[in-house]
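The values are calculated or read from the model by the stated rules, or taken from the named source; none is laboratory data. None of these values were measured; they are calculated from a predicted model. We place every Cβ from the backbone using ideal geometry, glycine too, and count neighbours over all the protein chains shown. When the accessible area is computed, the model is the full protein with side chains, heavy atoms only, and any ligands, DNA or RNA have been set aside. Shrake-Rupley method; radii C 1.70, N 1.55, O 1.52, S 1.80 Å.
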Amino acid sequence: MAQPYDLPLEELQQYKPELTRQEDFDTFWAETKQELAKVPMEYSLTPLPYPAKNIELYELSFEGMHGARISAYFAKPVGEGPFSGLVSYHGYNWGCSALEETVLGAFHGYVSAQLLVRGQQGGSEDPLPSASGHAVGWMTKGIESPETYYYRAVYMDAVRLLEIVTSMDCVDRAKIAVTGGSQGGALSLAAAALTDIPSAAVVNYPYLCHFRRAIDLAQQDPYLEINQYFRQNPDPAVEERAMKTLSYFDLMNHAPNISCDTVVFTGLVDLITPPSTVFAAYNHMACKKEIRVYRYFGHETITGASVERFRLLKDYLW
């Protein structure tokens, strides 16, 4: 693909569209967190075998909103600690590498946990039906109301896992970072906006940013699930309700609430999360921040970025 396919980098650096927050945006999320607070913060740890001597690996289970059983992988170095904490989130329908990524965090000396997103990965339930139907995938499940939208509970699962890790005696609660790529980057930013727990967020090409531009510009799924839903439901009133719902979950609208240090990695030929959507959220952040731009990369493993990510985490957490 020719470079660039989105806006030129000079324009991306200045791209700051108006927020689409509804008047009750903050109230909606305050009430949602109050609902989460009513769910007992209880969890269990079940040991899992792993061929290494210096770490401990577990399945962590807890109750999420709507009575869902939610699971995460949890690993820690052998010993009492306290250790710095690293909470991570996986990509859209891509939890297959979650165990290895969790173990990698523990090998770097962190108490490491990765959420298995409800419905997307075995062990985490998604019990709510979708009254209005939805396109294949998760992007439009419950989309006609913010109270029923799929990611409302997912954002709260991301917060609850952070709360659980913070409560552990083996964790230094002053040194906890969130990390992930794509959907995982989005959940990292959501958790950083909805809690004051993380001291840093290090994310790759975050998803769920600037929905209106994303559905106009993205050339590959999952954003195109939204376009398909509008094809199945061509009534303009349906689109209006759906876009209003998405405004509550748009990380561009959450970005001003992020207070921890944040580093974003993005490529300029990303056909899944167009770079302008990433910059739209980044440019609204008021925290200490940095964006690393990889001109010739898209939605993929960026050469050298993993080492750089752990170098950044070392600076924040050691």
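Of the numbered criteria (1) at pLDDT 95 or above; (2) touching a Ser or Thr at 6+ places or on another chain (Cβ under 7 Å), the one residue 170 fails is (2). Please determine whether any residue of region 78-86 is in contact with a Ser or Thr (Cβ under 6 Å, 6 or more places away or on another chain) and either closer than 30 Å to residue 246 by Cα or modelled with pLDDT of 95 or more (or both). Within region 78-86, one or more residues are in contact with a Ser or Thr (Cβ under 6 Å, 6 or more places away or on another chain) and either closer than 30 Å to residue 246 by Cα or modelled with pLDDT of 95 or more (or both).
Only a single item in (1) open to solvent by 10 Å² or more (accessible area, probe 1.4 Å); (2) hydroxyl-bearing (Ser, Thr, Tyr); (3) modelled with pLDDT of 95 or more is not met by residue 132, and it is number (3).
If you scan region 273-292, which residues turn out to be part of a loop (DSSP other than H, G, I, E, B) and touching a helix residue (DSSP H, G or I) at 6+ places or on another chain (Cβ under 9 Å)? 273, 274, 283, 284, 285, 286, 287 - these are the residues of region 273-292 that are part of a loop (DSSP other than H, G, I, E, B) and touching a helix residue (DSSP H, G or I) at 6+ places or on another chain (Cβ under 9 Å).
Residues in region 33-88 that are within 20 Å of the chain's Cα centre (by Cα) and of a type in the set (Val, Ile, Thr): 70, 87. Of all residues in region 83-98, those satisfying the criterion of being in contact (Cβ under 8 Å) with a residue 40 or more places away in the chain and surrounded by fewer than 24 Cβ atoms within 10 Å (Cβ to Cβ) are 83, 92, 93, 94.
Would you confirm, using the coordinates I've provided, whether residue 62 is over 29 Å from residue 225 (Cβ atoms) and at pLDDT 95 or above? When the stated conditions are applied, residue 62 does not pass them. On the given criteria, is residue 182 buried (at least 19 other Cβ atoms within 10 Å of the Cβ), modelled with pLDDT of 95 or more, out of contact with any Pro (no Cβ under 6 Å at 6 or more places or on another chain) and farther than 26 Å from residue 26 by Cα? Taking the combined requirement at face value, the residue does not satisfy it. In the condition set (1) surrounded by fewer than 19 Cβ atoms within 10 Å (Cβ to Cβ); (2) part of a helix (DSSP H, G or I), residue 187 is compliant with all but (1).
Give the number of residues within region 94-125 that are modelled with pLDDT of 95 or more and within 25 Å of residue 273 (Cβ to Cβ).
Qualifying residue count for the region: 17.
Among residues belonging to region 108-125 that are in contact with a strand residue (DSSP E or B) (Cβ under 9 Å, 6 or more places away or on another chain) and farther than 25 Å from residue 309 by Cβ, point out the one that is least open to solvent (accessible area, probe 1.4 Å). Only one residue fits best here, namely 118.
For residue 122, the criteria (1) under 21 Å from residue 208 (Cα atoms); (2) out of contact with any helix residue (DSSP H, G or I) (no Cβ under 9 Å at 6 or more places or on another chain); (3) of a type outside the set (A, V, I, L, M, F, W, C) hold in every case but one, which is (1). Being under 30 Å from residue 53 (Cβ atoms) and surrounded by 24 or more Cβ atoms within 10 Å (Cβ to Cβ) is the requirement here; does residue 177 meet it? Considered against the rule, which asks whether it is under 30 Å from residue 53 (Cβ atoms) and surrounded by 24 or more Cβ atoms within 10 Å (Cβ to Cβ), residue 177 comes out as yes. Considering the conditions (1) over 15 Å from residue 182 (Cα atoms); (2) over 14 Å from the mean Cα position of the chain (by Cα); (3) in a helix (DSSP H, G or I), residue 254 is excluded by exactly one of them, (2).
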